[in-house]
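The values are calculated or read from the model by the stated rules, or taken from the named source; none is laboratory data. What you are looking at is a predicted structure, and each value in this text was computed from that prediction instead of being measured. Counting neighbours? That spans all protein chains shown, and the Cβs are built from the backbone with ideal geometry, glycine included.
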């Protein structure tokens with residue numbers, strides 16, 4: 001009898017996630033109020049194991065439909081066992097300029113809605129974005145960041161180092177010095193590391209990177225990595241810099257997820 005009660009308890013009182021299967025995925029949008037997002041589960045998922053999450057903000061003029069089929073975004077999450085969420089920006093854009101942006105609570109609602117449809121691992125929620133979406137990823141993390149395991153931002157930042165961000169956050173940023181869409185955010189006197197000054201200050205890191213190293217996501221794209229790993233907050237900052245323009249480097253998201261997972 002005790003064993004029966006035990007089994008019934010776990011079957012009905014503590015369900016792993018919503019009992020109804022998700023009615024949206026890939027090009028079929030998931031509804032959140034009057035807005036929506038797209039989702040893609042990783043290849044080979046067993047249908048029950050908790051999933052790490054990558055919430056990715058698309059670039060200007062795009063939508064989540066591209067995010068979930070993008071080779072350098074979905075191509076990484078599919079292989080790394082990560083649930084990909086691609087929210088749709090109003091007017092195909094994001095309001096990251098304003099600290100009271102409506103896109104912040106919307107993005108938080110996307111995560112909560114996804115948690116009702118799929119079992120997610122709350123300790124592994126990563127927030128990403130490209131271009132204006134990269135700036136939106138910074139805004140989302142700056143507004144709270146308490147539930148964000150790390151930010152993976154590509155060619156987009158918040159330019160004001162005086163932003164009063166709520167919490168320290170593990171930050172990973174990649175940027176090209178020849179970017180002509182959103183020019184590289186140099187610091188004073190052309191300081192490359194000024195691009196992430198907001199987070200090195202908020203995380204309690206040293207003025208200069210603790211270490212530098214080079215790596216190549218592809219044979220023709222050398223990247224210089226600036227790493228702050230000894231910050232008083234316990235949160236690190238990594239800045240990857242290349243000499244090309246405005247794009248998502250092939251293999252960059254995959255490497256960050258591999259290291260973080």
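In the range 69-91, what residues are part of a helix (DSSP H, G or I), at pLDDT below 95 and in contact with a strand residue (DSSP E or B) (Cβ under 8 Å, 6 or more places away or on another chain)?
90, the sole residue that qualifies.
Which residue is modelled with the highest pLDDT, if the candidates are limited to the range 23-48 and must be touching a strand residue (DSSP E or B) at 6+ places or on another chain (Cβ under 9 Å) and over 20 Å from residue 66 (Cβ atoms)?
If we take residues in the range 23-48 being touching a strand residue (DSSP E or B) at 6+ places or on another chain (Cβ under 9 Å) and over 20 Å from residue 66 (Cβ atoms), then 45 is modelled with the highest pLDDT.
Considering 150, 108, which residue is at pLDDT 95 or above and more than 26 Å from residue 245 (Cα to Cα)?
108
When the range 45-68 is examined, which residues are found to be part of a loop (DSSP other than H, G, I, E, B) and out of contact with any helix residue (DSSP H, G or I) (no Cβ under 9 Å at 6 or more places or on another chain)?
45, 46, 47, 48, 49, 50
Residue by residue, here is whether (1) over 28 Å from residue 78 (Cβ atoms); (2) without any contact (Cβ under 8 Å) to a residue 24 or more places away in the chain holds:
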position	(1), (2)
189	yes, yes
195	yes, no
210	yes, yes
254	no, no
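Out of the range 178-213, which residues are surrounded by fewer than 17 Cβ atoms within 10 Å (Cβ to Cβ), under 18 Å from residue 135 (Cβ atoms) and in contact with a helix residue (DSSP H, G or I) (Cβ under 8 Å, 6 or more places away or on another chain)?
186, 187 - these are the residues of the range 178-213 that are surrounded by fewer than 17 Cβ atoms within 10 Å (Cβ to Cβ), under 18 Å from residue 135 (Cβ atoms) and in contact with a helix residue (DSSP H, G or I) (Cβ under 8 Å, 6 or more places away or on another chain).
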